[in-house]
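Written out below as structure tokens is the structure these notes cover.
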Amino acid sequence: MPQLPDTGYRPTSDELASVQAWFADYDAAAARRDIERMADLAVFPLNLVSDDSTGSGASAQWDREQFVRTMTEVMGDGGEDTTFESVRTPVFLGPAMAVVFSDSTMTAGGTTRQLRYADILVKRDGRWAFQTMLQNGWGDNLR
């Protein structure tokens, strides 16, 4: 495992497990294309950060309606099985904030794609939710 930045906060094993459980829930919803459940796991407005096809940075804020609409378009109608295999590396900034780096393999319709991205999770009322999504290559969709 790579050396993680020292943020001054040391998460407990329960905190680490709770982040992994959150991602298991989110990945299962994504595999089922349960966009509403995916939205339930977010804090809106949701921040999105990416780069576009020209290499320029791009960002946006989406409300729930925009998230559901866009993710429905991106993920399709569910006519093919989708699986995810992911390695998550959470970096806790405190007990209620974590930046989680993901290296994922997504397989859909016989096509496999490698993904690397990061999410910022916040804990509210004892439950994790994603508040910011960071991934390269989506910026043209954010303008």
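The values are calculated or read from the model by the stated rules, or taken from the named source; none is laboratory data. Computed from a predicted model, the values in this text were never measured in an experiment. Glycine also receives a Cβ, built like all others from the backbone with ideal geometry; neighbour counts cover every protein chain displayed. Areas reflect the complete protein model, heavy atoms only, side chains present, ligands, DNA and RNA absent. Shrake-Rupley method; radii C 1.70, N 1.55, O 1.52, S 1.80 Å.
Rounded to the nearest 10 degrees, the angle from helix 64-75 to the longest Cα principal axis of the chain is 60 degrees. Expressed as a whole number of Å, what is the distance separating the alpha-carbon centroids of segment 32-49 and segment 66-131? Here the answer is 9 Å between Cα centres. Of (1) 2, 10, 20, 25, 24, 14, 4, 0, 0; (2) 2, 9, 17, 22, 22, 16, 8, 3, 0, 0; (3) 2, 11, 20, 24, 20, 14, 7, 2, 0, 0, which one was derived for P(r) over Cα pairs in 5 Å bins from 0, in percent from the structure shown? Comparing each candidate, only (2) matches the computed number.
Extension gain for Y9-F44 works out to 10.0 nm (0.36 nm per residue, less the C-alpha to C-alpha distance). Here the contact order of the chain, divided by its residue count and restricted to Cα pairs under 8 Å and six or more residues apart, works out to 28 percent. Under the convention that each Lys and Arg Cβ holds +1 and each Asp and Glu Cβ holds -1, the size of the dipole of segment 13-141 around its Cα centre is about 240 debye.
Accessible surface of the chain, 1.4 Å probe: 51 percent of it comes from carbon and sulfur atoms.
If you take the beta carbon distance between M71 and Q20 as r and set R0 to 22 Å, what does 1/(1 + (r/R0)^6) give as a FRET efficiency, to the nearest 0.05?
Working: r = 22 Å, r/R0 = 1.01.
My answer for the efficiency is 0.50.
Identify which of T12, T105, T82 has the largest mean-square fluctuation in a Gaussian network model of the chain, with springs joining Cα atoms closer than 10 Å. Sorting by GNM fluctuation, first place goes to T12.
Looking at segment 13-141, the accessible area is 54 square angstrom per residue; that uses a 1.4 Å probe and ignores ligands, DNA and RNA. Projecting the Cα atoms of A98, G137, G109 onto the charge dipole of the chain (Cβ charges, centred on the Cα centre) puts A98 farthest toward the positive pole.
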